[in-house]
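Just so you know, all these numbers are worked out from the coordinates, no wet-lab data involved. What you see is a predicted model, and the numbers here were worked out from it, not measured in a lab. Here the Cβ positions follow ideal geometry from the backbone for every residue, glycine too, while neighbour counts run over all protein chains shown.
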Amino acid sequence: MTTTRALLIGQRRRLALTMVVGFAGLVALAVALAVVAELADIRAAAAVTDRLVPLLVFYAPAPIAAAGAYARCGGPACLTVGVVPALVFAALVVVGTVFGVPGVGGGDAPLGGVTMSFALVGLSGAFVGYCAGVTAALLADLAGIGGGDETDDAE
């Protein structure tokens, strides 16, 4: 598989799926812990989650997408990482509204607008990370230290 196709489409589907699903699970766990800590009024846990959730939602998609691009997971998987926090947030709001979890609901802000804002921030960060990862992979290939022929999927 050529380097260009590996970087754009991806050749390591299993790793790409693990990257996206693992990040979604991590974000969901952190957001759920933040909600539980807030509802239970646990100050230490709330202090940790107040720093962890923004880190995962706003800053983590770029380096994860960069690592995914360098590992040749493909553009679609790397860009999906940027949308994951928005989808987790929307799911949390919907589940919180349906089950009546206090403090987790639609509120006055329109769900679509907030979700789209999260998605745009995450997607732009993931795009920048993807571009950095592709650049690093191409430079590594030029230097002869890249792993362009490795694959974990049978074709």
Open item on the list: Starting from the 7 Å offset along Cα-to-Cβ, what nm value, one decimal, do you get for the label separation of ALA91 and ILE145?
Closed with: 3.7 nm
TODO: Could you work out the relative contact order of the chain, using alpha carbon pairs under 8 angstrom and six or more residues apart, expressed as a whole percent?
DONE: 33 percent
Task: Helix 43-54 vs. the chain, principal-axis angle (Cα, 0 to 90°, nearest 10) - done: 40 degrees
Open item on the list: Ignoring solvent entirely, what values of log10 I(q)/I(0) come out of the Debye formula for the stretch 42-84 at 0.14, 0.15, 0.17, 0.23 Å⁻¹ when each Cα is a single scatterer?
Closed with: -0.40, -0.44, -0.52, -0.70
Open item on the list: Compute the helix-to-body angle for 61-70: its Cα long axis versus the longest principal axis of the chain, expressed 0 to 90° and rounded to tens.
Closed with: 20 degrees
Task: Degrees between helix 75-99 axis and first principal axis of the chain (Cα, 0 to 90, nearest 10) - done: 20 degrees
Task: Residues whose placed amide H lies under 5 Å from that of ILE42, excluding near-sequence neighbours - done: none
Open item on the list: Calculate the FRET efficiency for ALA45 and THR135 from the Cβ-Cβ distance with a Förster distance of 41 Å, rounded to the nearest 0.05.
Closed with: 0.60
- [ ] Per DSSP H run of at least 4 residues, take -39500 (n - 2.57); add these up for the chain, divide by its residues and hand me the 222 nm value, nearest 500 deg cm²/dmol.
- [x] -25000 deg cm²/dmol
Open item on the list: Ratio of alpha-carbon Rg to the 2.2 N^0.38 Å globular estimate for the stretch 10-143, to two decimals, please.
Closed with: 1.16
Task: Spacing of the two label points (7 Å from each Cα toward its C-beta) at ARG13 and GLU38, in nm - done: 3.9 nm
Task: Ranked by how many other beta carbons lie within 10 Å on average, peptides 21-30, 78-87, 92-101 from highest - done: 78-87, 21-30, 92-101
